[in-house]
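The values are calculated or read from the model by the stated rules, or taken from the named source; none is laboratory data. Quantities reported herein were computed from a predicted structural model and do not represent experimental measurements. Because the Cβ atoms are built from the backbone with ideal geometry, glycine has one as well, and the counts that use them run over all protein chains shown.
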């Protein structure tokens, strides 16, 4: 079985390390030629939750050079939401009509990218609460156990046998459970509620996830989540406020020492996914006349940090 990991950030490197320990042909498709060369030379090192470091050799290829590659059977797309439009053409080229394509992004917007694929019916969204941190281009740290859900998207349906057999085969090497989700859109909004609370607050305050479990910050998270639930319910997605708050607390506890992906992006001088997380909620809220003052405030503050980063980078 041929497997491609598109994007070599924290989640991409984590899965590349895991899958390369099994008898599959695994190829990492990198954004840059520089990271490709490093992976070819050094392989991938993954620091597990118990501190053990597992080193694996992995095949790599820059994504713009995929035209000569044979089609893959399973593709994990782990790039950011805002990068999806740039990888759809290469994915079309290096897939076949039966390829199982999994989208691993935070936030909303995958359906726009899926619309660009032709004769690729087997598309899924994969959601995870696992934590990972990319220490370098070839070194990833698994920082928190969580759960993973996979569901057909944008249309409801059943997993194809190829994906079922694949998940069954990889489950023993993954500590966290991988579950089939028949209502993935609702699960996406539940994950969105978690990200929309944890990511901007940790980014603005520059603190690990666990620091949000103070009384004052929990109050803000409850107000944010209340707005998220109002928007979700208005568009027909059933989202329970108490359940969402419980999940946010669970994630903060399980990943208490983690830096959120949004904070990692800010610290690395990169663009964040705020547009596809809080920004997506704000967009739906405008369309349905739902006030979301807390989301608008946090969105503005994160965008200000992004702009500050960009100015500092340009002056170097």
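Descriptive notes on the structure:
- Checking each residue in the range 1-31 for being closer than 17 Å to residue 169 by Cα, free of Cβ contacts under 8 Å to residues at least 40 places away in the same chain and buried (at least 17 other Cβ atoms within 10 Å of the Cβ) picks out 20, 26.
- The condition of being in contact (Cβ under 8 Å) with a residue 40 or more places away in the chain and farther than 28 Å from residue 176 by Cβ holds for only one of 90, 62, that being 90.
- Any chance residue 232 is crowded, with 23+ Cβ neighbours inside 10 Å and assigned to a helix (DSSP H, G or I): yes
- Residue count, the range 148-174 (criterion: in contact (Cβ under 8 Å) with a residue 24 or more places away in the chain and assigned to a helix (DSSP H, G or I)): 6
- Hey, residue 248 in a helix (DSSP H, G or I), under 18 Å from residue 293 (Cα atoms), outside the structural domain of residue 105 (by TED's automatic domain parsing) and within 19 Å of the chain's Cα centre (by Cα) or not: no
- Residues that are part of a loop (DSSP other than H, G, I, E, B) and under 22 Å from the mean Cα position of the chain (by Cα) were ranked within the range 197-217; the one that is surrounded by the fewest Cβ atoms within 10 Å (Cβ to Cβ) is 206.
- Pairing residues of the range 263-287 that are at positive phi with residues that are part of a helix (DSSP H, G or I) and surrounded by fewer than 19 Cβ atoms within 10 Å (Cβ to Cβ), at Cβ distances under 9 Å and at least 6 apart in sequence or on separate chains, gives 269/309; 269/310; 269/312; 269/313.
- Verdict on residue 259 being outside the structural domain of residue 199 (by TED's automatic domain parsing) and at pLDDT below 95: no
- Selection status of residue 34, over 26 Å from residue 254 (Cβ atoms) and out of contact with any strand residue (DSSP E or B) (no Cβ under 7 Å at 6 or more places or on another chain): yes
- Filtering the range 242-250 for residues that are over 28 Å from residue 10 (Cβ atoms) and either in contact with a helix residue (DSSP H, G or I) (Cβ under 9 Å, 6 or more places away or on another chain) or modelled with pLDDT under 95 (or both) leaves an empty set.
- The set of residues in the range 251-278 that are touching a helix residue (DSSP H, G or I) at 6+ places or on another chain (Cβ under 6 Å) and under 20 Å from residue 108 (Cβ atoms) comprises 251, 260, 262, 272, 273, 274, 276, 277, 278.
- Criterion: surrounded by 15 or more Cβ atoms within 10 Å (Cβ to Cβ) and either assigned by TED's automatic domain parsing to the domain that holds residue 110 or not in a helix (DSSP H, G or I) (or both) - qualifying residue of 239, 224, 298: 239
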